[in-house]
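The structure appears right after this line, and notes come after that.
The values are calculated or read from the model by the stated rules, or taken from the named source; none is laboratory data. Treat the numbers as computed from the prediction; the structure is a model and nothing was measured. Positions of Cβ are generated from backbone atoms using ideal geometry, with glycine treated the same way; all protein chains shown enter the neighbour counts. For the accessible areas, the whole protein counts, side chains as well, though only heavy atoms, and no ligand, DNA or RNA atoms are used. Shrake-Rupley method; radii C 1.70, N 1.55, O 1.52, S 1.80 Å.
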Amino acid sequence: MTKTISSNPLRLLPLLASMVAITPLAIDMYLPAMPTIAKDLSSSNSAIQISLSLYLAGYALGMLIFGPMADRIGRRKVAISGLIGFIICSVLLANTNQEQNFLALRFTQAVFGSGATVVVAGIIRDLYGEHTSKGMSYVSMIMMIAPLIAPAIGSLILEISLWQTIFYTLASYALLILVLVIWKLPQSVPSKSNRNWLSEFFNNYRLVFSTRKSLVNISCSMLCSFAFFCYITAISFVYIEYFKVSESQFSILFGVNVMALMLANIVNTRMVVKKGAKTMLRVGATIAVISATTLFIFTKLELGLYYTVAILFPIIGGISLIAVNADAMILMQFPQQTGTATAVIGTLRFGSGAFAGVLLGLLYDGTPMNLAILMFAALFSVAIAQLFSPKVNT
């Protein structure tokens, strides 16, 4: 019997957040173990570091494949398949003793991991309908715990066990999620298109990219993600190398900006039903652009650490408002192609992250000016894109 959507969507949100958390856990838990893995596999640190880029690439590719599949055969089947593949790859990673196998398995693990996460946004859309942005804010708030605790979990495991235990832990976590998915996750109605799979695959992508409204929202989502990845990539240098804070101080300062993300999502859940996703996106863009301009000025004047910390708080909050509302409006526009739309969002998001690192390196001058310039350029571009957005408040 086909499962139906729960009458109380809050009951499913912890499961959906746990599914999304697979990605930050898989990325961040093994970071402390990289030097040890390189030594045990008789490899170099740089070779093992490539595994992170391979994971991002595999995740992006997997979303492109699994997104349209979820629209075609149903989200529950895709999530189950992705989780099973992720579990198998995690166990194999814990048992590999060659660099090439490790890199190939990390890529494959990411491909399958994307299947478990690409379905989440569509389920939220089914649960919340026109209030999709509210549901996405709830999930974001819950899953933010994962990137905060993942490195600490990895470090703790290394203190008491071997690096292989990290991947056994990931496999165990995914197995638990698999059981809950089989038990609790509702099935979506698969596509009844008479087109063959390949034709529908390309037609869904063509549809998502075919209208001005979707292109504007996709551009805003990608640009704010680019700004956020600039922050993630550069912030350790800014705080530790430039402002000379300790690692413990860095953790506290980084946590302050995580609080900005959480606060923005809390505000969004309270306000988006009354004001609409487009209005909240524009509020976020306004806050972010003004704050990014101020960051540029503070950096140019070489003001102190706490000026930078203070102005990054509203920037990160503004980025969160832009992202969650832009994504929600994209999903609302494509109720029958939510998997494909989510794949587009996710692929551009992670692709922009890789591009952010390249540009930060090209603009590096020993100061945080590269971060200030790129964040301002990206967020100002969001504001410009909104000028061309149709005047419809979703």
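Values as computed for the structure displayed
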| read-out | value |
| --- | --- |
| Computed [θ] at 222 nm, helices only, for the chain once each DSSP H run of length n ≥ 4 contributes -39500 (n - 2.57) | -27000 deg cm²/dmol |
| Overall dimensions of the chain by Cα: Rg and Dmax, Å | 20.6, 65 |
| In order through the stretch 66-73: 3J(HN,Hα) via Karplus (6.51 cos²θ - 1.76 cosθ + 1.60), integer Hz, x for Gly, Pro | 6, x, x, 4, 5, 5, 7, 10 |
| Extension reserve of the K39-T293 stretch, reckoned as 0.36 nm per residue once the Cα distance is removed | 87.0 nm |
| Length-normalised contact order for the chain - Cα pairs under 8 Å, 6+ apart - percent | 26 |
| 5 angstrom amide H check on V245, placed H, neighbours 5+ away | I240 |
| Kirkwood estimate for the stretch 92-167, i.e. one over the average of 1/r between Cα atoms, Å | 15.1 |
| Carbon/sulfur fraction of accessible area - the chain, other protein chains in place, 1.4 Å, % | 67 |
| At R0 = 41 Å, FRET efficiency that the Cβ-Cβ distance of N97 and K275 yields, to 0.05 | 0.15 |
| Percent of Cα pairs exceeding the 17 Å cut-off, where the set is the stretch 262-394 | 64 |
| Calculated FRET efficiency for the pair I266/A47, C-beta based, R₀ 45 Å, to 0.05 | 0.60 |
| Average accessible area per residue (Å²) across the stretch 15-62 - probe 1.4 Å, nucleic acids and ligands excluded | 35 |
| Proximal charge balance of N45 [Cβ under 14 Å; K/R count +1, D/E count -1] | -1 |
| HN-Hα J in Hz across the stretch 91-103 - Karplus 6.51, -1.76, 1.60, θ = phi - 60°, x for Gly and Pro | 5, 5, 4, 5, 10, 7, 9, 10, 4, 4, 5, 4, 5 |
| Modelled FRET efficiency - R0 45 Å, L156 with F209, Cβ distances, 0.05 increments | 0.55 |
